[in-house]
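Colleague: Questions regarding the structure given below will be posed in turn.
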Amino acid sequence: MTLDWTKPTLEQASEAGIDLEETEVVLAAECVWLKELVEPFVDTVMKILNGKHRPRCYCCYRDRAVTESKTFAGMQMVVDAFEARGCHVKLDQRLPPLLLSNGASYGPGQDILLYQIWLA
């Protein structure tokens, strides 16, 4: 199920005929790239993580942000937001950026990161 983080989560699930309490795993890929999306994303995932099966979230992300960015959210910002809400966050994989079809790379600091996130 695809969710709009700016709309009520439970209402979206109900309209789709899905019981979020039954969620067993959350997959999120390339979901948070702007700072303004971090809090709505974390709030939405937290509602699901509180389900009866205590699902884990697997979040895959290409870290594009530079420290001084006023627009882009680095994964550390997302990690900090989950940890502030009492979650465990574990980096499972850090992969180097893939080469583009012309042989060029995406550039330094754009590793692909895979995290597990779960309630403490």
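The values are calculated or read from the model by the stated rules, or taken from the named source; none is laboratory data. These numbers come from a predicted model, not from an experiment. Ideal geometry is used to build each Cβ from the backbone, glycine not excepted, and the neighbour counts take in all protein chains shown. We work out accessible area using only protein heavy atoms, side chains counted, and drop any ligands, DNA or RNA first. Shrake-Rupley method; radii C 1.70, N 1.55, O 1.52, S 1.80 Å.
Colleague: Can you list the HN-Hα couplings for region 13-19, worked out from phi with the Karplus curve (6.51, -1.76, 1.60; θ = phi - 60°), rounded to whole Hz and with x for Gly and Pro?
Modeller: 5, 4, 4, 8, x, 10, 9
Colleague: If you don't mind, another one. State to the nearest 20 debye the size of the charge dipole of the chain about its Cα centre, where the only charges are +1 on K and R beta carbons and -1 on D and E beta carbons.
Modeller: Around 320 debye, computed over the chain.
Colleague: Given H placed on each backbone N at 1.01 Å, which residues far from Ile112 in sequence or on other chains put an amide H within less than 5 Å of it?
Modeller: HN-HN under 5 Å from Ile112: Leu95.
Colleague: Please calculate how many Å² of accessible area the chain carries per residue, with a 1.4 Å probe and no DNA, RNA or ligand atoms counted.
Modeller: 61 Å²
Colleague: Next up: How many lysine pairs does the chain hold where the Cα atoms are under 25 Å apart and the two sit 8 or more places apart or on different chains?
Modeller: For the chain, qualifying lysine pairs total 9.
Colleague: Which FRET efficiency, nearest 0.05, do Ala84 and Cys60 yield, Cβ-Cβ r, R0 22 Å?
Modeller: That pair, Ala84 with Cys60, gives E of 0.55.
Colleague: As I understand it, the value is the acute angle between the Cα axis of helix 35-49 and the longest principal axis of the Cα atoms of the chain; what does it come to in degrees, rounded to 10?
Modeller: 40 degrees
Colleague: Angle check, please: helix 75-84 long axis (alpha carbons) against the longest principal axis of the chain (alpha carbons), in degrees 0 to 90, nearest 10.
Modeller: 30 degrees
Colleague: Okay, moving on. Compare the Cα positions of Thr71, Leu10, Val25 along the charge dipole of the chain (+1 at Cβ of Lys, Arg; -1 at Cβ of Asp, Glu; about the Cα centre) and return the one farthest towards the positive end.
Modeller: Thr71
Colleague: Let me ask something additional. Provide the descending list of Cα extents for the chain along its principal axes, expressed in whole angstroms.
Modeller: Principal axes ranked by extent give 45, 30, 27 Å for the Cα atoms.
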